[in-house]
Every structure is written in C-alpha cells, then in structure tokens.
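Student: Below are the structure tokens for one structure; questions will follow.
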C-alpha cells in the first residue's frame, strides 16, 4: 500500500511519471491556420505574450490569466498542438516555454508581428 | 406592378439599392483576436491571399474557392467585420478588395508575415 501511495503521489521520485507524455509536433507539420486559430483567443494570446517576454519560460500555476485550471489546460493543449509552446515536467511543476526560435525559423516575422499587433489592438493587455 | 418589378429587379437603376448597406469597421475598433480568427480558416485565408495578389479587387463570383454561395457569403462577412476586406456593389456585381494599406498601417508587417506563412505551411495553396 505504501509503495502504491509512493508511486502515485505527486512529486514522488520513483522513476515513473504518471502524467502522459506530451506531444510536441515539429513546426513543419503544423498548418498556418492551426497557428492562427491558436492565437485567435484572448487568453491564449495573453499566454503567448507573457511567454514572449520570458525566454526561460514559466511554471504553470503562475500565468496571469483568470480562467479555471481545466480551461487553462485546454488552452495549453491548443497552443502545444499548434507548435507554439513546449511543456515539460520538472519535479512537481510543469514548465511552459514559447518555441520562439522554431516558430521564427518556420514563419519569419510572424510572431513579432502578432505580438506587436496585440500592443495596439487589444482591450485586455 | 411594373414599377414594383423595376424597383426590385437586380441591377435596375432606380435610385434604390435593395441590398442592405455593408458595415466596414475602422481598423482602430477591430481586435487582433478578431483578425486572427478571420484568418484561421483555410477558405478565408485563400480569399485574402487571392486579393493580396490583386490590388484592384475581384468580383464575387470569381474567387477560386470550392464552397456554396451562402458559405462564401458568411466568409466575406467575417473578413469584412475583421476589417480585412472592403466590398462595394457596382451595378449587378459585388466587388471585394483587401484593405491592405489600412491593415498595414494598423498592424505593421502582420499581413505580409501571414501571407508569407501561407506559402510554407498550407496544404491547399
């Protein structure tokens, strides 16, 4: 029983990660419509903007967004599947990074233009 | 009766246009999320790309898209309300133009970056 609790307790280092592996598509397989869709939501755009200012990434509970955890999880999934973010588990925390270099290599100037656009045409930011 | 038919016949020049006036928002009132959403659909992106290559615009029935007229009409509405296109009736034809200068002035580099992105990451184009 103790072994079971150890194995499935959050943060236990037992050589087993109960979270499923995250899928990070290569940018070459991502359609531009998927990227545009991922960015067309105000919360997701806020996440991207936050990460763009923080090259080292951010722990998941620390984003300045006002949505339920399950909703936030969905937004991360959409961004991840559009190739925009990378997420990795570090101990008990999940870290999120913007895939700036890869996105810039695939879509030159695109991310900068979107970030600049949010600065002139968004009510929330 | 003849007057009635004249008044409501398509293309009759009777000083009355039976089509409702189209709303074209100023770019200053458009949110970047609305622009990104408008562009996140393959057909709408195709329309924008076609218009980007044709500064004089295009008559409505001539777009190389494979959708029903009512669907196309919806797509035009989404693009129009995002401030991306301007439409005007000329006799029996409705013409559509990309609002390139206005969009570029509001979101510098954005449209070019999106068009360039469609060239590397779209299955249809």
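Student: All but one of (1) within 14 Å of chain A (Cβ to nearest Cβ); (2) modelled with pLDDT under 95; (3) in contact with a strand residue (DSSP E or B) (Cβ under 6 Å, 6 or more places away or on another chain) hold for residue B:60; which doesn't?
Tutor: So the condition that residue B:60 fails would be (1).
Student: Among what's in the stretch A:26-39 and is surrounded by 21 or more Cβ atoms within 10 Å (Cβ to Cβ) and within 7 Å of chain B (Cβ to nearest Cβ), pick the residue that is farthest from residue B:118 (Cα to Cα).
Tutor: A:39
Student: Test of understanding: among B:114, B:67, B:48, which residue is part of a helix (DSSP H, G or I) and either surrounded by fewer than 17 Cβ atoms within 10 Å (Cβ to Cβ) or in contact with a strand residue (DSSP E or B) (Cβ under 7 Å, 6 or more places away or on another chain) (or both)? Lay out the reasoning, then the answer.
Tutor: Values: B:114 fails: either surrounded by fewer than 17 Cβ atoms within 10 Å (Cβ to Cβ) or in contact with a strand residue (DSSP E or B) (Cβ under 7 Å, 6 or more places away or on another chain) (or both); B:67 fails: part of a helix (DSSP H, G or I).
Only one candidate passes the filter, namely B:48.
The values are calculated or read from the model by the stated rules, or taken from the named source; none is laboratory data. Model, not experiment: these values are computed from the prediction. Note that each Cβ is placed from the backbone with ideal geometry, even for glycine, and that neighbours are counted across all protein chains shown.
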